[in-house]
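Bear in mind that the values in this text are calculations on the coordinates, not laboratory data. Computed from a predicted model, the values in this text were never measured in an experiment. Backbone-built Cβ (ideal geometry, glycine too); neighbour counts: all protein chains shown.
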Amino acid sequence: MAARIRKGDRVVVLTGRDKGKTGEVEQVFPKENRAIVSGINMAVRHVRQTPQSQGGRQPKALPIHLSNLALIDRNGKPTRVGFRFDEAGNKVRYAKTTGDVI
């Protein structure tokens, strides 16, 4: 199945503690249907000190389910993603609200 949300996309959170917040997708886990979004679903992790890094309590973004995310179109509104073929015959993603190719 083609990926509706990919790394680098701007998304908005639809449900949960961070509802309404926006961020950029840093990493996608297709098998688990989850993604890591910068600044979203943050948790504090206690990290041991090493010679290369300072230890202590460090915030970390945890994965969030893809069903709780919506892509942001050029107008800044959440949109669903569709697929179609362009003039060259390539399969492309497009925003259902505006019809623009993503």
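When the chain is modelled as a GNM with alpha-carbon springs shorter than 10 Å, which of Pro30, Pro78, Pro51 fluctuates the most?
Answer for the Gaussian network model of the chain: Pro51.
Picking from Gly82, Ala61, Ile5, whose Cα lies most toward the positive end of the charge dipole for the stretch 1-90 (charges on Cβ: Lys, Arg +1; Asp, Glu -1)?
Ala61
Based on other C-beta atoms within 10 Å, arrange Ile72, Ile64 from fewest to most. Display every interim value, and only then the final one.
Values: Ile72 17, Ile64 22.
So the residues, fewest neighbours to most, are Ile72, Ile64.
Which residue, Ser38, Ser53, Ser67, tops the fluctuation ranking in a GNM of the chain built on C-alpha contacts under 10 Å?
Ser53
Starting with the highest mean, order 39-49, 3-13, 82-92 by the number of other Cβ atoms within 10 Å, averaged over the residues of each peptide.
Numbers: 39-49: 12.6, 3-13: 16.3, 82-92: 9.0.
Highest mean packing first, the order is 3-13, 39-49, 82-92.
Which lysines does Lys19 reach when only Cα atoms under 22 Å apart count, and residues fewer than 8 places away in its own chain are ignored?
Lys7, Lys60, Lys77, Lys96
What FRET efficiency, computed as 1/(1 + (r/R0)^6) with R0 = 22 Å and r the Cβ-Cβ distance, is obtained for Phe29 and Arg4, rounded to the nearest 0.05? Walk me through the numbers on the way to the answer.
Numbers: r = 14 Å, r/R0 = 0.63.
Calculated value: 0.95.
Using Cβ counts within 10 Å as a stand-in for footprinting exposure, how do Glu24, Glu32 rank, fewest first?
Numbers: Glu24 13, Glu32 10.
The most exposed by this proxy come first: Glu32, Glu24.
With charges only on Cβ, +1 for K and R and -1 for D and E, what is the dipole size of the chain about its Cα centre, in debye, rounded to 20? Mind showing how you got there, number by number?
Details: 20 positive and 9 negative charges, 71 e Å.
The calculation lands at about 340 debye.
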